[in-house]
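The structure under discussion appears below in the form of structure tokens.
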Amino acid sequence: MALNDTIDTLKVSEIKEPVKTKQVAPQTEIEEEVIDNTESKENSSVKPKKEAVVTSESKPQEIKTENKEQNHATFTDPRDGEVYKIVQIGNQTWMAENLRATLYNDGSSIKNIPGKLQWKTDKQGAYCWYNNDISHKNTYGALYNWYAVNTGKLCPTGWHVPTKNEFVTLLDNSGGRNADAYENLNNPDKWASIFGGWCFSNGAFDHLGKRGHWWTSSIKNPLEVTSVTVGELRQVANIFDYPKNLGFSVRCVKD
């Protein structure tokens, strides 16, 4: 489906640009992105910048199934035995759940960092559970910093963290910038958005059950990486650029 290069957001209702707030309130519902102004230039949260999006072509992919669960096929991650629902949307095959891996695909451990100072400064790759509570694992998956994504070993062998353009293709195939897109992304029989919230660079948490943030593998600049945000407060899907030391969910797409 063609996409106007000047359109950078998928709207279901009128939205405003994210604005800065003076305080982080991890357990309070907010409608705008929260900015942490206490960090150095490289590690500080910055106001997300919307990117003009560009469509991309994806090569045809084949779903390989083990069994059926409701309307989804499933895939078993060989490194830990975790079973994920998968779904084909257009020519892409996606996991229909957030990644829960605590091992890289070479078998090495991903560092778990619950501490605020450690999370803020780590550049080696890390994960945490929302609010450092492992009971969120099965429903919401893990939150990873981008350094874990950048290892190229986060998704199972044969899968990868999607590029920005692969996410654009997903958004195009989920409604083409019309009112059906948000509904399609949240359809439990399709991509099934799971709002896992996020971990701020200061180690605080927010938005569980209200908003989901997913890393792409596309670097905007030395300090920022492109991500996709879907939230129920305004029922929109947007593409933003965020600092690398935030904790976001990950969805894998098949090679």
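Assorted remarks:
- The alpha-carbon atoms of the range 122-255 define a convex hull whose volume equals 110 cubic angstrom per residue.
- For peptides 140-147, 240-247, sequence by mean Cβ density within 10 Å, most packed first: 140-147, 240-247
- Amide proton proximity set for L103, modelled H, under 5 Å, gap of 5+: I110
- Förster radius 41 Å - calculated FRET efficiency between N132 and Q88 (Cβ-Cβ, nearest 0.05): 0.70
- Its Cα centre serving as origin, the range 123-179 has a Cβ charge dipole (Lys and Arg +1, Asp and Glu -1) of approximately 140 debye.
- With 26 Å as the limit, the listed pairs K137/K190; K85/K137; K85/K120 have K85/K120 beyond it between alpha carbons.
A short reminder: the numbers here are calculations on the coordinates, not readings from a lab. In this text the structure is predicted, and so the values were computed from the model without any measurement. Don't worry about glycine lacking a Cβ; one is built from the backbone with ideal geometry, like all the others, and counts go over all protein chains shown.
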